[in-house]
Amino acid sequence: YQQLLKLGAISLTDMAHYLVLDADTVFISDQVFEYKNLILLDCSDEHHRPYFDFIERTLDFETKCPVSFVSHHSLIRKCLLQDLQKRLENKYNCFWYEAIINNIDQNQLSSFSEYETYGHFIYKHHRSQVYVEYWSNESISRRDIVRLDELKKIFSKVRKSLSFHSYNR
């Protein structure tokens, strides 16, 4: 549900862009989201094959970019997201979110990522509008969030963000 909310937030602003950020992720250094009018598209090494399978099955293209775009945040350029949504609606003859829901692999615990789908779509169809950079995130145990100030001092020179995922106990 939260992935669809992020993609559906397009209707909540008149701005050309909006930022989505997972609630368990904290920026610990200055962030850049655009570089020379290009969207900074952070990439990671969080490769989860079912996300790629979803993209290839649903959007009919092979994900040739060797990285993952799961970075727990993304600057969404509305015109690019509208292109993705329109293509889904035209292909499946339903609302974009219905196309996503109907193509989720029910045999997988997690088979769809908004970051992976949006990132690979714009990398494939709008590559001239993005600048890809490594995300520089550190995954920290959730119980350590009480040490946030200390962790910022430790990691801010080498990381952009910290994530306190529930699966990191």
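The values are calculated or read from the model by the stated rules, or taken from the named source; none is laboratory data. All values reported here derive from a predicted model rather than from experimental measurement. Using ideal geometry, Cβ is built from the backbone for each residue, glycine included, and neighbour counts are taken over all protein chains shown. For accessibility, only protein heavy atoms count, side chains too; no ligands or nucleic acids. Shrake-Rupley method; radii C 1.70, N 1.55, O 1.52, S 1.80 Å.
Structure notes:
- Where trypsin sites (Lys or Arg not before Pro) fall in DSSP loop in segment 1-77, at most 11 other Cβ within 10 Å: Lys36, Lys64
- Cα-based Lys proximity count in segment 64-169, under 22 Å, for pairs eight or more positions apart or on separate chains: 8
- Amide H to amide H distances under 5 Å link Ile28 with Ser161, Leu162, where only residues 5 or more positions off or on other chains count and H is placed in the peptide plane.
- Looking at segment 16-169 alone, DSSP beta bridges between its own residues are antiparallel in about 60 percent of cases.
- Per-residue SASA entry for Asp30, accessible area with 1.4 Å probe, Å² rounded to 10: 150
- Dipole-positive endmost among Cys79, Leu21, Ile10 within the chain (Cβ charges, Cα centre): Leu21
- Ranking by accessible area, most exposed first, for Asp42, Asp24 with a 1.4 Å probe: Asp24, Asp42
- Prolate/oblate/rounded call for segment 50-101, Cα gyration tensor, a/c under 1.5 rounded: oblate
- Computed helical MRE - 222 nm, the chain, DSSP H runs ≥ 4 contributing -39500 (n - 2.57), nearest 500: -10500 deg cm²/dmol
- Rounded to 10°, Cα long-axis angle of helix 78-92 versus longest principal axis of the chain: 40
- With a 1.4 Å probe rolled over the protein heavy atoms of all chains, the accessible area of Ser11, Ser136 falls in the order Ser11, Ser136, largest first.
- 3J(HN,Hα) from dihedral phi, segment 120-134, Karplus parametrisation 6.51/-1.76/1.60, rounded to Hz, x for glycine, proline: 5, 4, 6, 5, 6, 9, 9, 4, 5, 9, 10, 10, 8, 9, 5
- What you get for segment 12-169, charging only the Cβ of Lys and Arg (+1) and of Asp and Glu (-1), is a dipole of about 280 debye around the Cα centre.
- Placing +1 on the Cβ of every Lys and Arg and -1 on the Cβ of every Asp and Glu, with no other charges, gives segment 1-88 a dipole of roughly 340 debye about its Cα centre.
- Segment 37-132 shape via C-alpha gyration tensor axes, a/c threshold 1.5: oblate
- Within the chain, the longest segment free of exposed loop sites, counting chymotrypsin sites (Phe, Trp or Tyr not before Pro) that fall outside DSSP classes H, G, I, E and B and have at most 11 other Cβ atoms within 10 Å, spans 2-166.
- Between 0 and 90°, nearest 10: helix 49-59 axis offset from the chain longest Cα axis: 30
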